[in-house]
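The values are calculated or read from the model by the stated rules, or taken from the named source; none is laboratory data. The model shown is predicted, which means the values in this text are computed figures rather than measured ones. Cβ coordinates were reconstructed from backbone atoms using ideal geometry, including for glycine residues, and neighbour counts include every protein chain displayed. Note: areas computed on protein heavy atoms with side chains; ligands, DNA, RNA excluded. Shrake-Rupley method; radii C 1.70, N 1.55, O 1.52, S 1.80 Å.
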Amino acid sequence: MQISRLQRASKKDVVASFPSAESRTPPPPDSVLSWSQTSALPPFVYAITAMSRSIVRQSKFRHVFGQTVKAEQAYDDIRVSKVTWDSSFCAINPKFLAVIVESSGGGSFLVLPISKTGRVDKNYPMVIGHSGPVLDIDWCPHDDNVLASGSEDCTAMVWQIPDHTLTRPISDPIVVLEGHSKRVGIVTWHPTARNILLTAGSDNLIIIWNVGTGEPLISMDDHPDLIYSISWNRNGSLFCTTCKDRRLRVCDPRKREVVAERLAPHDGIRPMRAIFTRDGNIFTTGFTRMSQRELGLWDPTNFEEPIALLELDTSNGVLLPYYDADANMVYLCGKITEEPPYVHYLNTFSSKEPQRGMGFMPKRGVDVSKCEIARLFKLLDKKCEPITMTVPRKSDLFQDDLYPDTAGPEPAMEPEDWLEGRNEDPILVSMRDGYVPPKSRELKVARKNVLDSRPATRRSMSTLETSSLPPQLLERLLEEIQNLKATVLSQEKRICDLENKLSQYTNGTD
């Protein structure tokens, strides 16, 4: 979106347009803020509302409100990880809730069916396999049963989660991705290409993988210090990063280069966060030099000055932005439109208990029959508490204006297409009849034989001996291999049948 220089607001102009930080009441530290954005940026536009009625924008989201679910609809007795890492510690999709938990002797996380609310059995099976604490997890946007994890053990792993209730721990990942020399703190899937996963580690290295083959496709070492956050744009052609060196960067992974960067979008030295909006702008959260929390909106084609830069309050908590591309809202929170002042305050949800992390349900997982436009999952020390964001409506009919078509579970292209330079927006699906998650689809990893790419040298003695075996012996060996395969398959089927029977007893159906 093109915005003239006259429409742009410098930091000085914006601060002058709003009450001072001392004169306004800051929201509680553990709160979800709702903001109505105009073309570009977020919060504290209630100040503008008080100053001029003529610029108050009529928004269908102006009455949005948040509330926690009933106690029996929360998830209790979850030992949330206490590892020192700036992470959301949970990931949600329409099928499952995944939470990084405390564990001894390695890293693990808990995966619960989204409908399995209430008290969690202390012996409930975990997903284990990492030898160090798990730092980040992310569900695949194209398969609700596939999840990626990053750990202090310097690896990322990809897991297949079955639809049925777990009866034993999952310890075998589909694929282990080894390429980092230090802990892997960020894992994030490509928004439109199948099986593309990005990982970032404390070695300041970014690696993009084809999970379908287990191969690294692209490596970038343009960051001289720890990477705080990474966000893909809508079609996955670019991603933006924030770094400990206080720079905001826009990277083109297929060119393997940084295409734009800005030093110190926020003057403070504390961690920043950045996310792409659907129109290609970048929304940032950070701190001023005086440790006030601050929000910014930037045009990556012109980083000289922000579209908007707004001081929020004085607090030491890093603001984690969650973006709803359909409603153009940011949850800490905001709604984007196309005229100054670029941001409108909508509402605040607050609670007294401090949070350990927050997860955000994809739009296809909300309840359209209740006019729910977002659902967040707040992690406490031993509990996960869903928070619903609802726009009150009197009609029971489907609300077309609240639910434009949203990103569905089908990828728009294959890894090879993306790597060759193709860009595609997400494939959209209608929310009119609600969303029914598809059944589990097995993710198959076809690893390439590394020996095939090596130059042929001399044949080994074992190769010579095999080629000279008598035909009868070869036939007998092949027959034994086939028999062994058949035995393995029959045992796998028997194990699955026993697991299903056991889950029936566990669920009390027999």
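A 1.4 Å probe, protein heavy atoms only, puts the accessible area of residue 174 near 50 Å². Each residue of segment 359-374 is assigned a 3J(HN,Hα), and the resulting list reads x, 10, 6, x, 4, 5, x, 7, 9, 6, 5, 10, 6, 7, 9, 7 Hz, derived from the Karplus form 6.51 cos²θ - 1.76 cosθ + 1.60 (θ = phi - 60°), x at Gly and Pro. Take the Cα of residue 264, step 7 Å toward its Cβ, do the same at residue 424, and the gap between the two points is 4.4 nm.
If you plug the beta carbon distance of residue 213 and residue 252 into 1/(1 + (r/R0)^6) with R0 = 25 Å, you get a FRET efficiency near 0.65. Each Lys or Arg adds one and each Asp or Glu subtracts one; over the other residues with Cβ under 15 Å from the Cβ of residue 166, this totals +1. Each of 395, 115 has its accessible area taken with a 1.4 Å probe; listed largest first, they run 115, 395. Label positions at residue 496 and residue 164, each projected 7 Å from the Cα along the C-beta direction, are separated by 0.9 nm.
Amide hydrogen proximity for residue 229: with H placed 1.01 Å from N in the peptide plane, the residues at 5 or more positions away or on another chain lying under 5 Å are 242.
Per residue, the average separation of C-alpha pairs within less than 8 Å and at least 6 apart gives segment 65-429 a relative contact order of 15 percent. Per-residue 3J(HN,Hα) values for segment 228-235, derived from phi via the Karplus relation 6.51 cos²θ - 1.76 cosθ + 1.60 with θ = phi - 60°, read 8, 8, 9, 9, 6, 7, 4, 9 Hz in sequence order (x marks Gly and Pro). What the Cβ-Cβ distance of residue 60 and residue 303 gives, at R0 = 35 Å and to the nearest 0.05, is a FRET efficiency of 0.60.
Segment 250-309 and segment 97-172 have Cα centres lying 32 Å from one another. Less than 5 angstrom separates the built amide H of residue 175 from those of 158, all sequence-distant by 5 or more or on a different chain. Remark: the residue 104-residue 417 segment gains 108.4 nm on full extension, using 0.36 nm per residue and subtracting the alpha carbon distance. Residues whose amide H comes within less than 5 Å of that of residue 238, counting only those at least five positions distant or on another chain, are 233 (H built at 1.01 Å from N in the peptide plane). Between residue 116 and residue 472, the contour length at 0.36 nm per residue exceeds the alpha carbon distance by 122.5 nm.
Taking the Cβ-Cβ separation of residue 367 and residue 410 as r and a Förster radius of 22 Å, what is the calculated FRET efficiency to the nearest 0.05?
Working: r = 22 Å, r/R0 = 1.01.
Result of the calculation: an efficiency of 0.50.
Phi angles across segment 492-503 convert, under the Karplus curve 6.51 cos²θ - 1.76 cosθ + 1.60 with θ = phi - 60°, into 3J(HN,Hα) values of 4, 5, 5, 4, 4, 4, 5, 4, 5, 5, 5, 5 Hz, Gly and Pro given as x. For a modelled paramagnetic label at residue 72, 7 Å from Cα along Cα-to-Cβ, the residues of segment 362-404 in reach, with backbone nitrogen under 17 Å, are 386.
Restricted to Cα atoms, segment 65-429 shows a radius of gyration and a Dmax of 19.7, 56 angstrom.
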